[in-house]
Amino acid sequence: MATKYAAAILLSLQAVLLAWGAVRHSPTYDEVAHLPAGLSHWERGDYHLYRVNPPLVRMIASLPVWFLGADTDWSRLDSVIDSDTNKRIDFEVGAEFIAANGPRAFWLYTFARWACIPFATIGGWAVWRWSRKLYGNGSAILAVALWTFSPMVIGHGQLITPDVAAASMGTLAFYLFWQWLREPLWRHAYLVGAALGSAELTKTTWVIAIPLMLTLWLGFTGIHCQQRWRQASQLAFIFGLAWFVFVLGYSGDGLFKPLGEYQFQSQAFSETEPVDQDEEVHDVRSKNNRFAGTWMAGIPVPLPEQYVLGVDVQKANFESTTLSYLGGELRSQGWWYYSA
């Protein structure tokens, strides 16, 4: 019981630090675009803005702002949608949102930040719970203390960005998956599926979770083929429920759109050339689709349309000659493990 109280005190202290930081610090570059993007999801049911990452975090962040009311102008978004281009206008819309709301915008961003604090708490709870089951109470307190005072968690947990939310929901999903591996019960399978789907809605990079879980399951069951086949139906259910939760987060936007009907801009999915360094990365170079006219054109894509287009936009960014920075070094196309 004392361990629970200690963990609760630590996570409460972290929440206070995050809330205070959210008030003291002005919106970061990415946050300027995240908040109006989230509002567009609620007000319009449209997921075009900031589609390079799934919408869960910005929808949670923008919910209190939606209830409070804010001045919005979607004319720029309408013009881009009507022109059927992949041009990114996230930051232009963000700048217009701040201009429209004036000094009040800073408080709107603060309320949005506060709405995201529970993500850090969820991550801390998962860290504490998992550590406690693995190594006991002392290790659990140490682990949650490291999470509480981590500069990365403190720095990003007070923002309307998906990083801490992705870390938290991913940790929760894998903790529940570990629990299911040890006790493959249907009630555990439901929890894993819901948590995995939520993690996928935080950040695109969690696409790796599904093959990773499949690999861990195969390794855990080992040579016990009878046990493996007995669990296979539950694992299929986990992935199916995660897919349902993921699609629900997009309100089924553009689900099962044929592959040949997409308008891509990246070289990988079209026949475009790499973007020169002096040109804007988000400029539309071509509407080609390398799958159009092939046998793959009619394949219905079981993913939301804006998620697929977001992956395409990210790929176009990685193909460009825009410089990435890491550890004192600049490169034209980043590193295989890091691109920013």
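Within the stretch 92-113, does at least one residue satisfy the condition of being at negative phi and not in a helix (DSSP H, G or I)? Yes: the stretch 92-113 contains one or more residues that are at negative phi and not in a helix (DSSP H, G or I). The residue of the stretch 177-205 that is nearest to LEU303 (Cα to Cα), among those that are of a type outside the set (A, V, I, L, M) and open to solvent by less than 10 Å² (accessible area, probe 1.4 Å), is GLY197. Is there any pair linking a residue in the stretch 1-17 that is exposed (fewer than 15 other Cβ atoms within 10 Å of the Cβ) to one that is of a type outside the set (Lys, Arg) and assigned to a helix (DSSP H, G or I), with Cβ under 9 Å and at least six apart or on different chains, and which? Close Cβ pairs satisfying both conditions: ALA2/ASN137; LYS4/TRP128; SER12/THR121; LEU13/THR148. In the stretch 87-103, the qualifying residues are those that are open to solvent by 40 Å² or more (accessible area, probe 1.4 Å) and in contact (Cβ under 8 Å) with a residue 12 or more places away in the chain, and the one that is farthest from GLY310 (Cα to Cα) is ALA100.
Residue pairs whose Cβ atoms lie under 9 Å apart, separated by 6 or more positions or on different chains, with the first residue in the stretch 210-229 and surrounded by 11 or more Cβ atoms within 10 Å (Cβ to Cβ) and the second of a type in the set (Val, Ile, Thr) and at pLDDT below 85, are GLN227/THR221; ARG228/THR221. Considering the stretch 43-82, the residues that are small (Gly, Ala, Ser), closer than 17 Å to ALA100 by Cα and in contact with a Phe, Trp or Tyr (Cβ under 9 Å, 6 or more places away or on another chain) include one that is surrounded by the most Cβ atoms within 10 Å (Cβ to Cβ), namely SER62.
Scan the stretch 253-270 residue by residue and report those that are touching a residue at least 40 places away in the same chain (Cβ under 8 Å) and part of a helix (DSSP H, G or I).
Initial filter on the stretch 253-270 (touching a residue at least 40 places away in the same chain (Cβ under 8 Å)): 253-259, 262-269.
Residue satisfying the conditions is LEU259 alone.
Which of the residues spanning the stretch 43-85 are among the polar types (S, T, N, Q) and within 20 Å of the chain's Cα centre (by Cα)? Write out each step before concluding.
Initially, the stretch 43-85 is screened for residues among the polar types (S, T, N, Q), giving 53, 62, 72, 75, 79, 83, 85.
Passing the criteria: ASN53, SER62.
Filter the stretch 309-331 down to residues that are of a type in the set (A, V, I, L, M, F, W, C) and either open to solvent by less than 20 Å² (accessible area, probe 1.4 Å) or in a strand (DSSP E or B) (or both), then give me how many there are. Write out each step before concluding.
At the first step, the residues of the stretch 309-331 found to be of a type in the set (A, V, I, L, M, F, W, C) are 309, 311, 313, 316, 318, 323, 326, 330.
Imposing the further condition that a residue be either open to solvent by less than 20 Å² (accessible area, probe 1.4 Å) or in a strand (DSSP E or B) (or both) reduces the set to 309, 313, 316, 326, 330.
So the count comes out to 5.
The set of residues from the stretch 77-104 being at pLDDT below 90 and among the aliphatic types (A, V, I, L, M) comprises VAL80, ILE81.
Are any of the residues in the stretch 133-156 closer than 25 Å to GLN306 by Cβ and open to solvent by 60 Å² or more (accessible area, probe 1.4 Å)? So far as the stretch 133-156 goes, yes, one or more of its residues are closer than 25 Å to GLN306 by Cβ and open to solvent by 60 Å² or more (accessible area, probe 1.4 Å).
Could you tell me whether any residue of the stretch 188-195 is farther than 27 Å from TYR47 by Cβ, assigned to a helix (DSSP H, G or I) and in contact (Cβ under 8 Å) with a residue 24 or more places away in the chain? Write out each step before concluding.
Here is the first cut: in the stretch 188-195, the ones farther than 27 Å from TYR47 by Cβ are 188-189.
Keeping just the survivors that are assigned to a helix (DSSP H, G or I) gives 188-189.
Restricting the remaining residues to those that are in contact (Cβ under 8 Å) with a residue 24 or more places away in the chain gives 189.
Yes; the residues of the stretch 188-195 include at least one that is farther than 27 Å from TYR47 by Cβ, assigned to a helix (DSSP H, G or I) and in contact (Cβ under 8 Å) with a residue 24 or more places away in the chain.
Determine which member of the set PHE239, PHE244, PHE174 is within 30 Å of ALA22 (Cβ to Cβ), assigned to a helix (DSSP H, G or I), under 18 Å from the mean Cα position of the chain (by Cα) and among the aromatic types (Phe, Trp, Tyr). Steps first, answer last, please.
Numbers: PHE239 fails: within 30 Å of ALA22 (Cβ to Cβ); PHE244 fails: within 30 Å of ALA22 (Cβ to Cβ).
After applying the criteria, what remains is PHE174.
For the stretch 278-301, indicate whether the set of residues that are modelled with pLDDT of 75 or more and under 22 Å from the mean Cα position of the chain (by Cα) is non-empty. So that I can check it myself, show each step before the final result.
Filtering the stretch 278-301 down to residues modelled with pLDDT of 75 or more leaves 288-301.
Subset that is under 22 Å from the mean Cα position of the chain (by Cα): 301.
Checking the stretch 278-301: at least one residue is modelled with pLDDT of 75 or more and under 22 Å from the mean Cα position of the chain (by Cα).
Before we move on, is VAL144 closer than 25 Å to TYR109 by Cβ, in a helix (DSSP H, G or I) and in contact (Cβ under 8 Å) with a residue 40 or more places away in the chain? Criteria not met by VAL144.
The values are calculated or read from the model by the stated rules, or taken from the named source; none is laboratory data. In this text the structure is predicted, and so the values were computed from the model without any measurement. Cβ: placed from backbone, ideal geometry, glycine included. Neighbour counts: every protein chain shown. Calculation scope for accessible area: heavy atoms of the full protein, side chains included, ligands and nucleic acids excluded. Shrake-Rupley method; radii C 1.70, N 1.55, O 1.52, S 1.80 Å.
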